[in-house]
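Reviewing the structure listed below.
Rule-based calculations on the coordinates, nothing more; no lab input. Since this is a predicted model, take the numbers as computed values, not measurements. Glycine gets a Cβ as well: all are built from the backbone with ideal geometry, and neighbour counts include every protein chain shown.
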Amino acid sequence: MTVVPAELPPLLGESPAFLAALAHISRVAPIERPLLVIGERGTGKELAAARIHYLSRRWDRPFVKVNCAALPETLLDSELFGFEAGAFTGASRRHAGRFEQADGGTLFLDEVATASAAVQEKLLRAVEYGEIERIGGRTQRVDVRVVGATNADLPAMAAAGTFRPDLLDRLAFDVVRLPPLRERPEDIEPLAEHFARGMVRELERPYFPGFTEEALAALRAHPWPGNVRELRNAVERSVAAADAESPVDTVILDPFSRSAALTPPSVPPAPPVEDAEPRAGGPLTERVRAFEAELLRAALARNRHNQRRTAESLGLGYHQLRGLLRKHGLVGR
């Protein structure tokens, strides 16, 4: 028995550009023809292809995926079309290719523009006539719907002779374009909230305290060249680095450099550390206590009240800092 998902693959958003793409997917999914899904990296092309499959009459049949860019030509050929035992050195037994595995269902060809001319020729025959040929074997028929995906300009490649025009004609019965995140700015905050809550569940924290206004402003200001994938990585990284009890106030783009964290230009600079000279008057223990509290306040201000970073800047463990904050009545400020 074929197992199918309890719900459609999630494509999240409410912006007009995104909803138009979603409506396009719903309209073409039931039509038994090849399709192309185009979009920049990180826009969700594989999720769109899966949605097309599960909204089609093939929903209870296999959905098989191949990344054409991840395999050299010879391996891609054998992976797509299979091979017979003894077809080449090391072929000890028959191997069913992805077309056979997807028989009756959908085959998703990611980065289809990277396929070699020889593979393109075999793809054309498979798409045009439903015929494939294992390496060292005979021609056989398969019933497969092909959905290709790319971020390349296929018409330009066809004009330049690097992609077969006849294959492009067959694949492009319809073309679904996924908008980049910069064209759907209304979706940035809800997507960030969704990814943050998922990370909180993974970390087994009791709740998500939200984002500060400064962090939301930083999210809105970034161009997100990596689109939804980049947003997800940045949000999950930032939630993991943030204090569990405080709103996320910094969005970390580059894990190799914390200085690349996004902070809005309107944030005023942290107040300078006050002179460490203890205030005059009172017993020595009270003056030491006041001095310690003043250092804690200044460190918290410098680190925008992020307790983990404050602890690091003071050379303390997180729980050591929490104990000092409780001691001086600074918890929750």
Cα-projected label distance for Arg27 with Arg229, points at 7 Å along beta-carbon direction, nm: 2.8
Among Arg220, Arg237, Arg322: highest mean-square fluctuation, GNM of the chain, C-alpha pairs under 10 Å: Arg322
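Taking a ≥ b ≥ c as the square roots of the Cα gyration tensor eigenvalues, with a/c under 1.5 meaning rounded and otherwise prolate when a/b beats b/c, else oblate, which class fits segment 185-267? Spell out each step's value before the answer.
Values: a/c = 1.41, a/b = 1.29, b/c = 1.10.
Since a/c stays below 1.5, the shape of segment 185-267 is classed as rounded.
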Derived scalar couplings ³J(HN,Hα) [segment 236-253; Karplus, 6.51 cos²θ - 1.76 cosθ + 1.60; whole Hz; x for Gly, Pro]: 5, 4, 5, 5, 5, 7, 7, 5, 5, 9, 10, x, 5, 10, 9, 9, 9, 7
Sequence-distant lysines (8 or more away, or on other chains) whose Cα lies within less than 29 Å of Lys122: Lys45, Lys65
For the chain, share of DSSP beta bridges that run antiparallel, in % to the nearest 5: 20
Proxy reagent accessibility, fewest Cβ within 10 Å first, across Tyr54, Tyr207: Tyr207, Tyr54
5 angstrom amide H check on Val144, placed H, neighbours 5+ away: Gly104
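Sort the following peptides by mean Cβ neighbour count (other Cβ atoms within 10 Å, averaged over residues), highest first: 96-105, 63-72. Numbers along the way, then the final one.
Numbers: 96-105: 19.0, 63-72: 16.8.
Final packing ranking: 96-105, 63-72.
Mean residue ellipticity at 222 nm from the helices of the chain, using -39,500 (n - 2.57) per DSSP H segment of n ≥ 4 over the full residue count, to the nearest 500 deg cm²/dmol?
Numbers: 13 runs with 139 residues, N = 333.
Computed ellipticity for the chain at 222 nm equals -12500 deg cm²/dmol.
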From phi via Karplus (6.51, -1.76, 1.60), per-residue ³J(HN,Hα) for segment 126-140 in Hz, x at Gly/Pro: 5, 6, 6, 10, x, 10, 10, 9, 4, 4, x, x, 9, 5, 9
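Sort the chain into rounded, prolate or oblate with this rule: let a ≥ b ≥ c be the square roots of the eigenvalues of the Cα gyration tensor; rounded if a/c is under 1.5, and if a/c is not under 1.5, prolate when a/b is larger than b/c, oblate otherwise.
Details: a/c = 3.14, a/b = 2.73, b/c = 1.15.
It is prolate, given that a/c is not under 1.5 and a/b is the larger ratio.
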Residue order, fewest to most beta carbons within 10 Å, for Lys122, Lys45: Lys122, Lys45
